[in-house]
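Heads up: the structure comes next, in structure tokens.
No lab work stands behind these numbers, since they all come straight from the coordinates. Since this is a predicted model, take the numbers as computed values, not measurements. Here the Cβ positions follow ideal geometry from the backbone for every residue, glycine too, while neighbour counts run over all protein chains shown.
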Amino acid sequence: MVDLSEFEEMYLKRIYEIYDLEPSTIVKTSQLAKIMEVTNASTTEMIQRLSDRDLLTYIPYKGCRLTPEGFKIAARIKRREGLLQILLSEVVGFEGDVDEAACKMEHDMSTELEEAIDRMLGYPEKAPDGTKVPVIERNLDLSSRKYLLPLSYIPVGSISKIEIIALDSTDQKTLEQIGLKVGAIITKEKDGVKHQEKLVRLSDSIMKKILTRVEG
């Protein structure tokens with residue numbers, strides 16, 4: 001990705017968010033300045049700077065639009081934010097300000113780490129707040145044998161080994177009572193898993209927190 005400062009990335013992300021709601025709109029300088037909590041003059045200067053790098057199209061006295069390259073970069077920043085929000089809230093169980101933490105972390109994430117988290121989460125379509133996780137230039141690696149993946153992403157019929165259960169202790173004990181624990185070998189079914197010839201029905205939200213590795 002193009003080498004950008006955190007502040008430049010925030011501008012692109014905010015413009016992307018406006019575009020996502022109104023694809024045909026020209027983002028007004030005053031509107032962007034208000035969102036970024038800076039002056040109109042500072043925003044105009046930043047728009048011109050990003051325009052010089054071919055990331056924005058600057059329309060004097062009106063505002064700006066993302067160029068195709070700017071759109072790709074902004075979408076990737078927004079995807080990182082969504083992935084981190086899911087990771088922190090649904091897997092890690094972070095109880096602090098998830099949005100603030102994700103926003104800080106998204107700017108220091110490498111492409112390799114982004115792809116690894118995306119793969120581990122099963123290429124989610126939506127962030128916790130319901131907004132779409134951008135798919136532009138998403139690197140989909142569909143070879144599940146090499147990786148630790150959420151059970152929800154493992155193909156139906158695949159045999160895998162449970163390696164991580166990211167649930168609270170009560171839910172973990174409930175699963176253990178029916179044989180679903182770390183080290184258990186299971187077969188993915190359409191609406192759950194089969195363990196020792198018994199079908200165990202599991203919700204999609206539970207399967208997202210059971211990380212397995214395909215056997216064989």
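Placing unit charges on each Cβ (+1 for Lys and Arg, -1 for Asp and Glu) gives the chain a dipole about its Cα centre, and among Met105, Ile117, Phe94 the Cα reaching farthest toward its positive end belongs to Ile117. Note that region 6-70, at 25 °C in a medium of 0.890 mPa s, gets a Stokes-Einstein diffusion coefficient of 216 µm²/s from its Kirkwood radius over C-alpha pairs. The loop-placed GluC sites (Glu not before Pro) in region 149-201, going by DSSP, that have at most 12 neighbouring Cβ atoms within 10 Å of their Cβ come out as Glu197. Distant-in-sequence amide contacts of Thr57, defined by a placed amide H-H separation under 5 Å and a gap of 5 or more residues or a different chain, comprise Arg65, Leu66, Thr67. Applying 0.36 nm per residue to the separation of Ala166 and Lys194 and subtracting their alpha-carbon distance, the gain on full extension is 8.1 nm. Over all other residues within a Cβ to Cβ distance under 12 Å of Gly93, the charged ones net out to -3, with Lys and Arg as +1 and Asp and Glu as -1. Between Lys28, Lys188, Lys198, the GNM of the chain built on Cα springs shorter than 10 angstrom shows Lys198 fluctuating the most. Working from label points 7 Å from Cα in the Cα-to-Cβ sense, the Val2 to Tyr58 distance is 1.3 nm. For the chain, complete DSSP H runs whose alpha carbons reach 20 Å or more along their own long axis and whose mean Kyte-Doolittle score is -1.0 or higher are 6-21, 68-86. If you sort the three axes of the alpha carbon gyration tensor as a ≥ b ≥ c, you get a/c under 1.5 for region 148-214, which makes it rounded. For the listed residue pairs Lys72/Lys209; Lys132/Lys161; Lys13/Lys62; Lys72/Lys208, the alpha carbons are over 22 angstrom apart in Lys72/Lys209; Lys132/Lys161; Lys72/Lys208.
Packing here is the average count of other Cβ atoms within 10 Å per residue, and on that basis the peptides 75-88, 5-18, highest first, run 75-88, 5-18.
From the alpha carbon centroid of region 14-47 to that of region 117-180 is 36 Å. Rounded to the nearest 20 debye, the dipole magnitude of the chain is 740 debye, with +1 charges on Lys and Arg beta carbons, -1 on Asp and Glu beta carbons, and the Cα centre as origin. Please give me the summed charge of the neighbours of Met36: other residues whose Cβ is under 14 Å from its Cβ, Lys and Arg +1, Asp and Glu -1. That works out to -1. As a length-normalised measure over Cα pairs under 8 Å and 6 or more apart, the relative contact order of the chain settles at 16 percent.
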